[in-house]
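The values are calculated or read from the model by the stated rules, or taken from the named source; none is laboratory data. What you see is a predicted model, and the numbers here were worked out from it, not measured in a lab. Because the Cβ atoms are built from the backbone with ideal geometry, glycine has one as well, and the counts that use them run over all protein chains shown.
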Amino acid sequence: MTGVIKACLTAWKSYWGNGLFLLLFAGCCLFLLVKENRGKKIRLLLGYCLVSILIFFFPLGAKLIHKVIGESVYWRLLWLLPVVPVTAYALVKMTFLAGKKWLRTGLVLLFSAAIALTGKNAFSSDQYAYSDNLQQVPGQVQMICNLIRSRCGEKDVLVAANDYLAAYIRIYDPTITMPYGRVRHGTKIKEAVWVYKMLEAWPETDYKILARKALALGVDYIVTKEPTPKGVERLNAKGYVETGQVMEYRIYERQEKGPDL
């Protein structure tokens with residue numbers, strides 16, 4: 001369970017980022033708890049926030065959700081937190097409690113500055129990168145697909161790649177088929193499951209299993225991060241020969257079947 005809790009903490013940090021909006025939200029919750037604790041609706045709202053956070057960190061529930069949607073997007077569960085409504089209501093309530101008009105105006109400016117400073121500009125240059133393809137996928141995906149197409153032409157081709165690449169390959173070139181869907185969904189074929197597991201296990205990939213299962217599936221190309229020398233031997237023995245390199249990825253094309261190992 002320790003690993004699950006660590007994954008939850010990582011997702012929590014990923015959601016809030018480096019900004020201070022979490023502190024602003026917590027401060028607003030504390031204000032409502034102190035000043036508005038007699039209102040039934042406020043108590044329900046704060047109770048809902050507490051329950052949502054407890055559910056997020058509940059190990060058994062987290063483990064189950066990880067299996068369904070994957071750890072990488074678990075932070076989306078925090079969308080259940082009504083951060084914006086709670087923060088907005090609390091700040092407006094503080095403003096109305098100020099009384100005098102000039103003080104209210106000052107608080108509006110102060111709270112506006114607080115929201116701006118505790119967040120991050122979504123339109124800053126480091127949030128975007130120029131894409132040289134209409135599908136707006138990473139350049140390495142474009143190069144991998146183009147390399148494969150230059151080798152096989154327009155014929156149907158089956159490609160095995162890790163989950164990161166596979167999601168973008170489907171967008172850039174939907175005619176390239178894969179033995180499994182995103183996060184291994186969409187298949188019950190044991191060989192396909194093993195291929196997925198081995199590619200995701202890098203650098204601990206067992207290339208003997210990967211090559212054997214890929215060959216059984218009829219995979220034409222294996223796209224993997226750089227294998228060990230022994231791993232290259234295993235791939236070559238099953239007829240998979242390196243035909244290109246794109247950044248940290250190696251593309252192996254199926255030739256004639258090699259001897260069993």
Taking residue 26 as meeting all but one of (1) farther than 23 Å from residue 15 by Cα; (2) free of Cβ contacts under 8 Å to residues at least 12 places away in the same chain; (3) in a helix (DSSP H, G or I), write down the number of the exception.
(1)
Being of a type outside the set (S, T, N, Q), assigned by TED's automatic domain parsing to the domain that holds residue 115 and loosely packed, with under 14 Cβ neighbours inside 10 Å narrows it down to one residue among 79, 12, 75, 16; which is it?
79
Among what's in the stretch 1-39 and is more than 30 Å from residue 92 (Cα to Cα) and among the β-branched types (Val, Ile, Thr), pick the residue that is nearest to the chain's Cα centre (by Cα).
10
Just give me the residues in the stretch 147-179 being surrounded by fewer than 20 Cβ atoms within 10 Å (Cβ to Cβ), within 22 Å of residue 67 (Cβ to Cβ) and in contact with a Ser or Thr (Cβ under 8 Å, 6 or more places away or on another chain), in sequence order.
162
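Test of understanding: among 170, 212, 234, which residue is under 19 Å from the mean Cα position of the chain (by Cα), among the basic types (Lys, Arg) and either assigned to a helix (DSSP H, G or I) or on the phi > 0 side of the Ramachandran plot (or both)? Talk me through it step by step, then tell me what you get.
On the way: 212 fails: under 19 Å from the mean Cα position of the chain (by Cα); 234 fails: under 19 Å from the mean Cα position of the chain (by Cα).
After ruling out the rest, the residue left standing is 170.
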If you scan the stretch 189-209, which residues turn out to be assigned to a loop (DSSP other than H, G, I, E, B) and more than 24 Å from the chain's Cα centre (by Cα)?
189, 206
If residue 38 passes every condition in (1) without any contact (Cβ under 8 Å) to a residue 12 or more places away in the chain; (2) surrounded by 15 or more Cβ atoms within 10 Å (Cβ to Cβ) but one, which one does it miss?
(2)
Looking at residue 179 and the list (1) in a helix (DSSP H, G or I); (2) closer than 18 Å to residue 251 by Cβ, which single condition is not satisfied?
(1)
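With respect to residue 98, determine if the residue is without any contact (Cβ under 8 Å) to a residue 40 or more places away in the chain and either touching a Lys or Arg at 6+ places or on another chain (Cβ under 8 Å) or among the polar types (S, T, N, Q) (or both). Walk me through how you get there before you give the answer.
On the way: without any contact (Cβ under 8 Å) to a residue 40 or more places away in the chain: yes; either touching a Lys or Arg at 6+ places or on another chain (Cβ under 8 Å) or among the polar types (S, T, N, Q) (or both): yes.
Yes; evaluated as a whole, the condition is true for this residue.
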